[in-house]
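Novice: Please find one structure pasted underneath; my questions will follow.
The values are calculated or read from the model by the stated rules, or taken from the named source; none is laboratory data. Predicted, not measured: the structure shown is a model, and the values here were computed from it. In this analysis, Cβ positions are derived from the backbone assuming ideal geometry, glycine residues included, and neighbour counts consider all displayed protein chains.
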Amino acid sequence: MRSHVTGTAASLVRPRLYERIVQRIHQLVLDEGFGPGDRLPPERELAVMLGVSRASISQALVALEVVGFVQVRHGDGIILTSSARNPGLIDEFRAHRDRLPAIIEARVALEVQLARLAAERRTEADLRALDGALEWMAAEVDSGERGAGGDERFHAALTAAGHLELLARFMAEIAELVRETRLESLGQPGRSERSLEDHRRIAAAVRDGDGEGAARLMGRHLSHVADVALLRKSSEPSTGLELETDA
């Protein structure tokens with residue numbers, strides 16, 4: 001006999017909400033025969049189809065973009081970038097989710113010190129590079145994009161301003177992992193604007209030669225980066241994704 005499991009009992013056996021949404025989106029792509037380059041239904045339509053909020057769909061799509069399954073293009077929708085026949089998609093999603101905290105810890109260990117060094121060692125050329133990165137990100141955000149390009153430029157400019165080759169090499173080694181935290185963070189509602197403001201404050205401390213202030217502001221910024229829906233324990237009270245179990 002089959003029975004629907006709902007409420008508190010379901011929370012004991014139900015996969016995390018976003019993982020469940022990823023599974024359903026993957027199945028939808030398979031069922032509809034979508035291939036690389038095809039456009040998926042818009043977020044609002046996916047939310048209705050899966051019975052979850054649009055915000056939850058948006059967060060699941062961010063994770064799918066990080067693992068290379070889709071690309072969310074401003075003004076162009078959700079584009080499939082990988083074959084739906086990839087049997088490892090869910091494992092890739094789980095691996096991404098599980099390594100995020102460790103990547104953030106590594107970034108704190110490296111970038112807080114880099115911010116301090118940048119304030120102590122920056123040159124006029126370094127300050128111009130930081131200003132250019134801020135302008136780049138502001139232009140992206142103003143146009144409705146997430147600002148990932150400007151974010152990458154800012155952190156690269158700050159790393160260069162630290163003038164410590166070994167730390168710069170460490171940052172280069174984890175660049176792809178940093179990209180995961182960047183995309184995940186900038187996919188949060190309102191996060192692009194907040195990150196841009198964080199960057200401006202860090203740059204001001206660097207310009208003023210305030211090493212401790214720059215380090216403190218970088219630590220605060222990375223705490224914002226770490227605050228992503230994918231890692232939060234709470235979820236929507238009603239998901240519309242009841243499980244069926246054999247009894």
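Novice: Quick one: would you say R201 is in contact with a His (Cβ under 9 Å, 6 or more places away or on another chain), free of Cβ contacts under 8 Å to residues at least 24 places away in the same chain and not assigned by TED's automatic domain parsing to the domain that holds G75? Break it down stepwise before answering.
Specialist: On the way: in contact with a His (Cβ under 9 Å, 6 or more places away or on another chain): yes; free of Cβ contacts under 8 Å to residues at least 24 places away in the same chain: yes; not assigned by TED's automatic domain parsing to the domain that holds G75: yes.
Yes.
Novice: Tally the residues that are more than 20 Å from G187 (Cβ to Cβ), at pLDDT 90 or above and in contact with a Leu (Cβ under 8 Å, 6 or more places away or on another chain), restricting the search to the stretch 9-27. Working first, answer last.
Specialist: Step one: list which residues in the stretch 9-27 are more than 20 Å from G187 (Cβ to Cβ), which gives 9-15, 27.
Among the residues that remain, those that are also at pLDDT 90 or above are: 27.
Keeping just the survivors that are in contact with a Leu (Cβ under 8 Å, 6 or more places away or on another chain) gives none.
Of the residues in that region, 0 qualify.
Novice: Taking the stretch 147-191 only, how many residues are in contact with an Asp or Glu (Cβ under 7 Å, 6 or more places away or on another chain) and touching a residue at least 60 places away in the same chain (Cβ under 8 Å)?
Specialist: The qualifying residues number 1.
Novice: Would you check which residues across the stretch 139-154 are part of a helix (DSSP H, G or I) and buried (at least 17 other Cβ atoms within 10 Å of the Cβ) and list them? Full working, then the answer.
Specialist: Step one: filter the stretch 139-154 for residues part of a helix (DSSP H, G or I), giving 139-142, 148-154.
Correct list: E140, V141, A148, G150, D151, E152, R153, F154.
Novice: Follow-up question, since we're still on this one. So T6 passes all but one of these: (1) closer than 24 Å to H96 by Cα; (2) modelled with pLDDT under 90. Which condition number does it fail?
Specialist: (1)
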